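Written out below as structure tokens is the structure these notes cover.
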Amino acid sequence: MLDQAQALRTLVRDRLTSGGTIRRPIGTYTIAVTSGKGGVGKTSLAVNLALLLSRSGRTVRLVDADFGLANAEVLMGVNPTFTLSDVMQKRIDVSQAWTDSPGGVKLLSCGSGLEEMANIDSTAGLVLLDQVMASASDGDVIIIDTGPGIDNTVVSVLGIADEVMMVTTPEPTSLADTYAAIKILLSRSADANITLVANCCNCPAQASALAEGIDTVCRRFLDKSLKRYEYLPSDAAVGWAIRIRKPLVLSQPQSPVVSWLRKIAIRLEERIRDARSCCRLGEV
Ligand SMILES: Nc1ncnc2c1ncn2[C@@H]1O[C@H](COP(=O)(O)OP(=O)(O)OP(=O)(O)O)[C@@H](O)[C@H]1O
Ligand SMILES: [Mg+2]
């Protein structure tokens, strides 16, 4: 078995020979769910959107790319046999690392509490994600749940996404970090397609004010306008679903937050269809 340092060296060498970027899968709609600040509801949103899109007939791949702190598996209620760490250590091929999850979603976890993943350098992280994207390219939709913030790996993942779903909450710290994350992302990928989800709001008016505020600042200082989704209310059902390890849309389909999640899934489905028809037109 290769030791960790050797595995990393091999990965970096492979990366250098493969051109140095994550390749964007063709024909697949990739959504990166991200945020400036942590703990704003990304994983919950990613897991439940994956299930809703799968239910509407899409083949969905969910990638937990929160290196070292992956927890989509907890929300999904599955125990992956393998993780990206096994891929990095060359124990398995990336195609073997996917875990069958509720609703037909296939999940790839980068593992939790694994030091080698928590400390992965950004080059090796990109190599792994490049392999992941290649092995997920048979799906209609790839949802990538990222860690919070603006480190190199996260920004690179956002750069190849068809849509960067930025999750924010009404807290001033979250707003400030959202703006910072958007600014850094745009400095690397000026044409990023950024959409905003206002989570944990008390009412639609609060969400509108929040989204309007961020949009205004982005337009004024970054010359970028953001598209918005419906809001998500603060709802105790979200925490309950995590505690019982059953996805919210399956365990509490009648909860208010699920009805708003469905609205987001419907809008997302429209965006996927639009992107597909643009591609087809481009092919003609
Ligand atoms: N709409 C909501 N209503 C109530 N609680 C929520 C809501 N969304 C998220 N939460 C709570 O926020 C916490 C963090 O959720 P989650 O793990 O999805 O966030 P995250 O952004 O992925 O966090 P991290 O940055 O650590 O990966 C959880 O305890 C969850 O119950
Ligand atoms: Mg998370």
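Quick notes
- Summed side-chain charge close to Ile184 - residues other than Ile184 whose Cβ falls under 14 Å, Lys, Arg +1, Asp, Glu -1: +2
- Ranked for footprinting exposure by Cβ neighbours inside 10 Å, fewest first, Thr34, Thr216 give Thr216, Thr34.
- Relative packing of 128-138, 114-124, which averages over residues the other C-beta atoms within 10 Å, highest first: 128-138, 114-124
- Under the criterion of Cα pairs below 8 Å and six or more residues apart, the relative contact order for the stretch 104-263 equals 15 percent.
- 11 Å cut-off, amide nitrogen to a point 7 angstrom out along Arg276 Cα→Cβ, residues in the stretch 38-63: 57-59
- Kyte-Doolittle mean at least -0.5, axial Cα span of 18 Å or more - DSSP H helices of the chain: 4-17, 42-55, 122-135, 172-188, 204-222, 256-283
- Residue order, fewest to most surrounding Cβ atoms within 10 angstrom, among Cys203, Cys110, Cys218: Cys203, Cys218, Cys110
- Here the calculated FRET efficiency for Arg23 and Ala236, from their Cβ-Cβ distance with R0 = 35 Å, stands at 0.25, rounded to the nearest 0.05.
- Too-long pairs where the Cα-Cα distance tops 26 Å, listed order kept, from Lys183/Lys227; Lys42/Lys183; Lys106/Lys183; Lys106/Lys246; Lys42/Lys227; Lys37/Lys227: Lys106/Lys183
- Contact order normalised by residue count of the chain, Cα under 8 Å, 6+ apart, percent: 24 percent
- DSSP beta bridge pairing in the chain, given as percent antiparallel to the nearest 5: 10 percent
- Counting neighbouring Cβ atoms within 10 Å and putting the fewest first, the residues Ser85, Ser189 line up as Ser189, Ser85.
- A simple spin-label model places pseudo-atoms 7 Å from Cα toward Cβ; at Asp140 and Asn193 they are separated by 1.6 nm.
- The sum of -39500 (n - 2.57) across all DSSP H runs of n ≥ 4, divided by the residue count of the chain, sets its helix-only mean residue ellipticity at 222 nm to -15500 deg cm²/dmol.
- A full extension of the chain between Lys263 and Ile244 corresponds to an added length of 4.4 nm, given 0.36 nm per residue minus the alpha carbon distance.
- Relative packing of 41-47, 181-187, which averages over residues the other C-beta atoms within 10 Å, highest first: 41-47, 181-187
- The distance separating the Cα centre of the stretch 234-265 from that of the stretch 66-86 comes to 20 Å.
- Cα centroid separation, the stretch 89-167 to the stretch 188-226 (Å): 25 Å
- Label-point gap, in nm, between Ser251 and Asp121 - each point 7 angstrom along Cα→Cβ: 4.0 nm
Computed from the coordinates by the stated procedures, all read-outs in this text should not be read as laboratory data. Owing to the predicted nature of the structure, the values given are computational and were not obtained by experimental measurement. All Cβ positions, even for glycine, are placed from backbone atoms using ideal geometry, and neighbour counts span all protein chains on display.
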